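See structure below.
The values are calculated or read from the model by the stated rules, or taken from the named source; none is laboratory data. What you are looking at is a predicted structure, and each value in this text was computed from that prediction instead of being measured. Don't worry about glycine lacking a Cβ; one is built from the backbone with ideal geometry, like all the others, and counts go over all protein chains shown.
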Amino acid sequence: MKEAKYSVGEVVKHRFYPFRGIVYDVDPTFSNTEEWWLSIPEEIRPAKDQPYYHLLAENEETEYIAYVSEQNLLPDETGQPLRHPQVNEMFVEDDQGRYRALFLDRH
């Protein structure tokens, strides 16, 4: 099993589609429905045996939840704040612009 490249709180962007988001959970391998996987066009359908990321995602028009394979993600280096309404419910942003999960702060 491959170790995840990204961790909870990291901001990433999609390799092909114009959206970015923050990782809020990681599956070590594909853990969604077969129907969902088959709905991805075959020419860009990712392998199942890699980490998959749950994202609070956003594009120019809207905010939503996304489920993305590691091979389709890149680091987002824009430094732009996220506007997804759930970000502030789940994360705290430090003075460096990095996000830390609130559940990790509850000791």
Pick from the range 59-80 the residues that are touching a strand residue (DSSP E or B) at 6+ places or on another chain (Cβ under 9 Å) and polar (S, T, N, Q): which of them is farthest from Ile44 (Cα to Cα)? Gln80
Can you confirm whether Gln71 is of a type in the set (S, T, N, Q), in a loop (DSSP other than H, G, I, E, B) and either free of Cβ contacts under 8 Å to residues at least 60 places away in the same chain or in contact with a Cys (Cβ under 8 Å, 6 or more places away or on another chain) (or both)? no
Taking Asp25, is it among the acidic types (Asp, Glu) and assigned to a loop (DSSP other than H, G, I, E, B)? no
Could you figure out which of (1) modelled with pLDDT of 90 or more; (2) not in a helix (DSSP H, G or I) isn't true of His107? (1)
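A quick yes/no check of all residues on (1) β-branched (Val, Ile, Thr); (2) farther than 12 Å from Arg20 by Cβ; (3) at pLDDT below 95; (4) outside any strand (DSSP E or B):
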position	(1), (2), (3), (4)
Leu56	no, no, no, no
Pro81	no, no, yes, yes
His84	no, no, no, yes
Glu89	no, yes, yes, yes
Gln96	no, yes, yes, yes
Could you list, in sequence order, the residues of the range 31-54 that are in contact (Cβ under 8 Å) with a residue 12 or more places away in the chain and either in a strand (DSSP E or B) or among the polar types (S, T, N, Q) (or both)? Ser31, Asn32, Gln50, Tyr52, Tyr53, His54
Looking at Phe16, Phe91, which is the one that is more than 20 Å from Phe103 (Cβ to Cβ) and out of contact with any Ser or Thr (no Cβ under 8 Å at 6 or more places or on another chain)? Phe16
